[in-house]
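The values are calculated or read from the model by the stated rules, or taken from the named source; none is laboratory data. What you are looking at is a predicted structure, and each value in this text was computed from that prediction instead of being measured. Cβ placement follows ideal geometry from the backbone for every residue including glycine, while neighbour counts extend to all protein chains displayed.
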Amino acid sequence: MKFFIDTANLDQIKEAQDLGILDGVTTNPSLMAKEGITGKQNILDHYKNICNIVDGDVSAEVISTDYKGMLKEGEELSSLNKQIVVKVPMIKDGIKAARYFSDNNIKTNVTLVFSAGQALLAAKAGATYVSPFIGRLDDISTDGLGLISEIREIYDNYGFSTEILAASIRHTMHIIDCSKIGADVITAPLKSILGLLKHPLTDIGLENFLKDYKKGN
Ligand code: G3P
């Protein structure tokens, strides 16, 4: 199972990388704006900075919504660094663009996926990753994890190689449940990843071990 961090914050990316468990990064225009990264050149430079911190795949999202625009943008993004994965939205032109990029050995991440049918199309188009947004489905009283299970079943039925990248993760239980279901990748905020570390019995146990060590010294 791969762990990606879902942020454009360089300090948080460094912290996850230093932990030694990071396989990649996902970003989107909202995450860039949250860090105050605006304007085309600044955004491109930021992607380069992210690639310099991590070893794995870095998803960079196109903002065009038409086929030709996505191709132009995607090619520019992928020329920045071989780690770049071009992120395209789950719309008709996005699927056409995913097919083009797949045929030209450019990795893709089809984003804003909310149904099994959309995930099936992304796989048919040869996407490298498909990003179902589980938290946003949960937000509208729909079963986000159920969607991951459905996609897992469909991809396994036909041996699709597209990796299921569970996105819009809100907490540690999303990560644990995704690992049980068989998501290939989770992308999560640092807080949710670090949440996996915590257990009160670990803290109490360590405190007691250290106390007992001191008694003998
Ligand atoms: O990468 C995009 C996705 O993870 C969005 O998450 O929290 O905005 O629903 P969120």
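Numbers for the structure displayed
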item: Within the stretch 63-94, tally of residues that are in a helix (DSSP H, G or I) and either acidic (Asp, Glu) or farther than 20 Å from residue 49 by Cα (or both); result: 12
item: Pick from the stretch 114-141, criterion in contact (Cβ under 8 Å) with a residue 24 or more places away in the chain and among the β-branched types (Val, Ile, Thr), ranking: nearest to residue 165 (Cα to Cα); result: 130
item: Residues located in the stretch 134-151, provided they are in contact with a helix residue (DSSP H, G or I) (Cβ under 9 Å, 6 or more places away or on another chain), of a type in the set (Val, Ile, Thr) and within 12 Å of the ligand (Cβ to nearest atom); result: 134
item: Any hit, the stretch 8-30, residues being surrounded by 15 or more Cβ atoms within 10 Å (Cβ to Cβ) and within 18 Å of residue 123 (Cα to Cα); result: no
item: Verdict on residue 59 being hydroxyl-bearing (Ser, Thr, Tyr) and within 16 Å of the ligand (Cβ to nearest atom); result: yes
item: Given (1) touching a strand residue (DSSP E or B) at 6+ places or on another chain (Cβ under 8 Å); (2) closer than 27 Å to residue 35 by Cα; (3) among the hydroxyl-bearing types (Ser, Thr, Tyr), number of the condition residue 102 does not satisfy; result: (2)
item: Qualifying residue in the stretch 152-165 (condition: more than 30 Å from residue 80 (Cα to Cα), away from the ligand (no atom under 15 Å from the Cβ) and outside any helix (DSSP H, G or I)); result: yes
item: Output for the stretch 52-68, where each listed residue is surrounded by fewer than 21 Cβ atoms within 10 Å (Cβ to Cβ) and farther than 18 Å from residue 125 by Cα; result: 52, 53, 54, 55, 56, 63, 64
item: Residue in the stretch 29-37 that is touching a residue at least 60 places away in the same chain (Cβ under 8 Å), over 16 Å from residue 81 (Cβ atoms) and part of a loop (DSSP other than H, G, I, E, B) present; result: no
item: Tally of residues being more than 18 Å from residue 149 (Cα to Cα) and surrounded by fewer than 24 Cβ atoms within 10 Å (Cβ to Cβ) across the stretch 102-122; result: 6
item: Subset of the stretch 157-171 (residues that are under 19 Å from residue 195 (Cβ atoms) and buried (at least 19 other Cβ atoms within 10 Å of the Cβ)); result: 166, 167, 168, 169
item: Test for residue 127: is it in contact with a Gly (Cβ under 9 Å, 6 or more places away or on another chain) and surrounded by 18 or more Cβ atoms within 10 Å (Cβ to Cβ); result: no
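One line per residue, one yes/no per condition, for (1) at pLDDT 95 or above; (2) within 13 Å of the ligand (Cβ to nearest atom); (3) of a type in the set (Val, Ile, Thr):
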residue: 172; (1), (2), (3): yes, no, yes
residue: 176; (1), (2), (3): yes, no, yes
residue: 179; (1), (2), (3): yes, no, no
residue: 187; (1), (2), (3): yes, yes, yes
residue: 191; (1), (2), (3): yes, yes, no
residue: 197; (1), (2), (3): yes, no, no
residue: 200; (1), (2), (3): yes, no, no
residue: 206; (1), (2), (3): yes, no, no
